[in-house]
Each structure stands twice: as C-alpha cells, then as structure tokens.
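> Once you've had a glance at the structure underneath, I'll fire off some questions.
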C-alpha cells in the first residue's frame, strides 16, 4: 500500500498542472463553440425524445430547454476564458466542470454517448483540487501528482476498455471482421479509399489496433524517454485515423498530454519566443515601462510543497 500511495501521489511540478489546465480550458472553449455543439440544438428538441442517462436519473436532471443550454454553453466559455488566467482556480475550475459536463449530458441524452470524453471529465473534476499553480512554479506537489496520475489512468483505461468492449461484444472474430472496411466505405477520405483495393491492409490494421489497445497500460512501465515516444505514437495513430475516416478523439488527445513534462515544453516555447524579433520587442517594451523581468522559479525544498 505504501508503494501504491507513493506511485499515485508522486510529486510533480505545479507548472505542469498550470500548463495542462490552460490547455484544458482552451479546449473547452473550442469544443463548445466549434467541435461538439449538439447540446445547443437539443434545447429545442421535444422532451419526448429525452432519455435520461444514469447521471440524470440519480440527480433528477430535467430535459433540456433553450434557456438551460444557453446558460451552460456560455457559462463554459466565460468561465474557461477567465480560468486560463489562473485566477480563482478552484471556483472557476468547478464552474467549468459543472457547465461542460451538464452540456455534454444534454447532447448525449438524445443520442449516442461518445466514450472519448470520459477522461476529460476526470480532468475537469480533479484539476481544480490542486489550487494555485503558475506556469513558472517548479515547486513539487502531491496534489498535482495525484491529479495527473488519475488523468493518466483514465486515458489509458479509454484504450484498454475499448479493446475489452470489442472482445466482449464481438469476440475474437472482431479482428477478422469488416469493421474497418465498413468505416472506410461509409466515411473514408481520398487518402483511404485506395485501401479498399488492398483489403488485407485494413484487416491487418484491426489486429494492430487491438494489440495496441490491450497493451496500453504498459506505458506506466516505460522509462521517460519511451513514454514520450509512446504518446507520440498514439498521436500519430490518431492523425492517421483522422486522415483516413475523419474521426478524432479531441478531448482524449488533450488528456494524453498528462504523460508529458509540459513545463519543459513551455520553457522551450518561452525561450524561442524571447529569441524572436517580436519577443525581443515585447521584452524591451516591458523593461522600458519599468516592469521587472520574470524571476526564475526554484524547486520546493520538500515534496508536496505548494499545494494550493
């Protein structure tokens, strides 16, 4: 139990959570306004089509209305835009969580449920618990470590349980079926249509997909270098899937970033920006106005320090 606790609560820099939270809140805005907008027009649907999911049955949620979906939609956008600044992380974070989850519930209570959003729900629920975290804060936090670990577990479970569902409902014959052929016929792009002339490639891809999903938990046993490569491989897989059949698991891809040292990438981006002409111009303007340059942060002297 001690080893399990140490693994679940392994301290990570607060800056990593700060970067991930900014990406999560930015995605909420893009998702609600551009990607997954079906919750909006369900407000005008006849309540006779409303079939409450388990969450709705437990919480006794009412059918959607135009007023409800407008409040949820713009509540997501406004709260997420304010939360990106890092202010009031708990209050604004949970407002975003409630509005976005309810908005997705409205969309799914009138049709199919997309499984690529389960780990995003975990992120919205747990990231606010970390409290204050800044992009340059290198203090180590157990609360941040637990939030990221839970997101990682949920992201990997999305892959593993997807494979389990295939085996549960389709059996071993799923990998020998024509699932990918049907997907390419229905919504294949010009990049994938030629694969119908070589059907063994689609058959082979189903075996590769099953093997990759079943072995997804192995990522927790990999070294840091190979873990980054595994995440890159999954991103490449999703890019190929989108190019072939225009299906993308956008919120899940954001959650896969929890496996990466995001604070290092943020530092590299800031260093690159400082070297650009625009970055130097902004820096000169800041100095001429009397603003102090950003101070470099140092790690905390003890694990878990800096928990907001």
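The values are calculated or read from the model by the stated rules, or taken from the named source; none is laboratory data. Here the structure is a predicted model, which means the values were calculated and not measured. Glycine gets a Cβ as well: all are built from the backbone with ideal geometry, and neighbour counts include every protein chain shown.
> Which condition breaks for residue 260 when tested against (1) under 30 Å from residue 183 (Cα atoms); (2) at pLDDT 90 or above; (3) in contact with a helix residue (DSSP H, G or I) (Cβ under 8 Å, 6 or more places away or on another chain)?
If we test residue 260 against (1) under 30 Å from residue 183 (Cα atoms); (2) at pLDDT 90 or above; (3) in contact with a helix residue (DSSP H, G or I) (Cβ under 8 Å, 6 or more places away or on another chain), just (1) comes out false.
> Would a scan of region 194-203 turn up a residue that is in contact with a helix residue (DSSP H, G or I) (Cβ under 7 Å, 6 or more places away or on another chain), within 21 Å of residue 116 (Cα to Cα) and either at pLDDT below 90 or assigned to a helix (DSSP H, G or I) (or both)?
no
> Applying the selection to region 175-195, what residues are buried (at least 16 other Cβ atoms within 10 Å of the Cβ) and more than 25 Å from residue 253 (Cα to Cα)?
Residue satisfying the conditions is 195 alone.
> Here is a further query. Spot the failing condition for residue 85; the list is (1) farther than 21 Å from residue 128 by Cα; (2) surrounded by fewer than 12 Cβ atoms within 10 Å (Cβ to Cβ), and only one is missed.
(1)
> Could you please give the count of residues in region 39-56 that are within 22 Å of residue 250 (Cα to Cα) and surrounded by fewer than 16 Cβ atoms within 10 Å (Cβ to Cβ)?
Selection size over region 39-56: 1.
> Which residues, counting only those in region 63-107, are over 20 Å from residue 38 (Cβ atoms) and touching a helix residue (DSSP H, G or I) at 6+ places or on another chain (Cβ under 7 Å)?
Of everything in region 63-107, those that are over 20 Å from residue 38 (Cβ atoms) and touching a helix residue (DSSP H, G or I) at 6+ places or on another chain (Cβ under 7 Å) turn out to be 79, 81, 82, 83, 84, 86, 89, 90, 92, 93, 94, 95.
> Within region 124-146, identify whether any single residue is closer than 15 Å to residue 32 by Cβ and crowded, with 18+ Cβ neighbours inside 10 Å, and answer yes or no.
So the first thing to find is which residues in region 124-146 are closer than 15 Å to residue 32 by Cβ, and the list is 124.
Now restrict to residues that are crowded, with 18+ Cβ neighbours inside 10 Å: 124.
Yes, the conditions are met somewhere in region 124-146.
> Next up: List the number of the failed condition for residue 156; all other conditions in (1) closer than 17 Å to residue 241 by Cβ; (2) buried (at least 17 other Cβ atoms within 10 Å of the Cβ) hold.
With (1) closer than 17 Å to residue 241 by Cβ; (2) buried (at least 17 other Cβ atoms within 10 Å of the Cβ) applied to residue 156, the lone miss is (1).
> What are the residues in region 1-29 that are free of Cβ contacts under 8 Å to residues at least 12 places away in the same chain and either touching a helix residue (DSSP H, G or I) at 6+ places or on another chain (Cβ under 8 Å) or crowded, with 17+ Cβ neighbours inside 10 Å (or both), if any?
none
> Quick one: how many residues across region 111-149 are on the phi > 0 side of the Ramachandran plot and at pLDDT 95 or above?
0
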